[in-house]
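FYI, it's all coordinate maths here, none of it is from the lab. Note that the structure is a prediction, hence the values are computed from the model and not measured. Please note: Cβ atoms are built from the backbone with ideal geometry, for glycine as well, and neighbour counts cover all protein chains shown.
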Amino acid sequence: MEAVADRLDFVERKPPLVFEEIDFTVHNPELLAVRLAGPLEYAQRVEHLVGVTHMETLMPRRTPQVERFLVQWTIDELGHAEALGHLMEMVGLDPVPLDGVGPPTRNATIGRAGRMSASLHAVIETIWATSGAMNEHLAMSAYHRIDAILKDAGEHALHETLFRRLRAHESAHKSFYATYATERWASLRGWQQRLARGVLRRTWAPVGATEAADRPAFARTVVALAADDWQETLVADVQSIAERIMDAAGEMGPFVEQAVRLTLESDPAGEELLARL
Ligand SMILES: [Fe+2]
Ligand SMILES: [Fe+2]
C-alpha cells in the first residue's frame, strides 16, 4: 500500500483552499450568471452533499488510510461548496439549499452487508474507490472548463485564487481513489471482481445525478461546459478510468454513455444535444 500512502500524503499536504484568501472580484456578474448558472448550481449542491453522505455507514470496516482520506476529503469538499455558494451570491444566483437532505438509504443496506462479510466489504470499497475516481475526474474536468470560460471573460482573480485550486484538489482526490481502487482490485478473487464490475456497470451515475429529480442539473452542466465534445471528454475518459482499474477493456459495455444519456434526456437542452448526434 506504499503508493496509496504516497497519494494520501499528497492529498493531506496539498495547499488548502482558504476562504479568506479567495479573491471574489467579478467584473461581469451578469455574463457569469448566464454562462455558468447550470454548472455552479450543480457543483455547489454536489460539493455540499458530501456533508451528508456518511461514508462511514457505507464502509463500516475502514482502514486508517480510508479514514484519514475521508476526513481530508470532507474538509476539502465542504470548503469548495462554501466558496461556490458565495460566488453564486456574488453573481446573483441562489445557492441550492440542502436542508432535509439525508444520506442515500441504500448506503445503510450496503453497509450491513459489508459488516457481515469482509469479502463483500472489499468489493464495496473497490466500487466506492473506482466510482470516486470517475466522479472526481468529472469534477476536475468541469472546473477546468469553468476556469477556461473565466479566463476568456477576463475574470483572472477567480481563475487564480479559486478555480485553479479547485481543479488541483479534485485531481489529488482522483489520484488517491484511483490508486486505492487499483490496489484493492488486485487483491480481489475472481467472483469478487465479477461482482464489482457488474455492480458498477449497473449502478453508476454521475455524482449527484442518481435521483431523477437531480438529473436535469447535470444535463445543463454538460450543455454549458461540453456541448461539442461530451462523448470524448466525458463519456470516453470516464469509461476508460473504470476499465483501467477493473482490467476490463471493452468488457463492461457502454455504461457511462447510458448513464449520461439518461441525464441528458431529462432536460430540454440535453435532448437538443442528443438530437444533434
Ligand atoms: Fe470538490
Ligand atoms: Fe473532490
Going by average Cβ neighbours within 10 Å, how do the peptides 235-248, 88-101 rank, with the highest at the top?
235-248, 88-101
Would you mind calculating the gained length between GLU232 and ARG112 on full extension (0.36 nm times residue separation, minus the Cα-Cα distance), in nm to one decimal?
39.4 nm
For the chain, what is the charge dipole size about the Cα centre, in debye to the nearest 20, if Lys and Arg each add +1 at the Cβ and Asp and Glu each add -1 at the Cβ?
1320 debye
Listed residues VAL199, TYR180, ILE22: farthest to the positive end of the dipole of the chain (Cβ charges):
VAL199
Gain upon complete extension [HIS54, ILE75; 0.36 nm per residue less C-alpha separation]:
6.2 nm
Ranking request for peptides 123-129, 205-211: highest mean number of other beta-carbon atoms within 10 Å first, then the rest in descending order.
123-129, 205-211
Three semi-axes of the equivalent ellipsoid, the stretch 2-205, Cα gyration tensor, whole Å, largest first:
34, 18, 15
Pick from PHE176, PHE163, PHE24: which residue has the top mean-square fluctuation in a GNM of the chain where Cα pairs under 10 Å get a spring?
PHE24
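Okay, helix-only estimate at 222 nm for the chain: each DSSP H run of n ≥ 4 adds -39500 (n - 2.57), divide by all residues, round to 500 deg cm²/dmol; what do you get?
-22500 deg cm²/dmol
So how do HIS144, HIS137 line up by other beta-carbon neighbours within 10 Å, fewest first?
Taking fewest neighbouring Cβ atoms as first place, the list is HIS144, HIS137.
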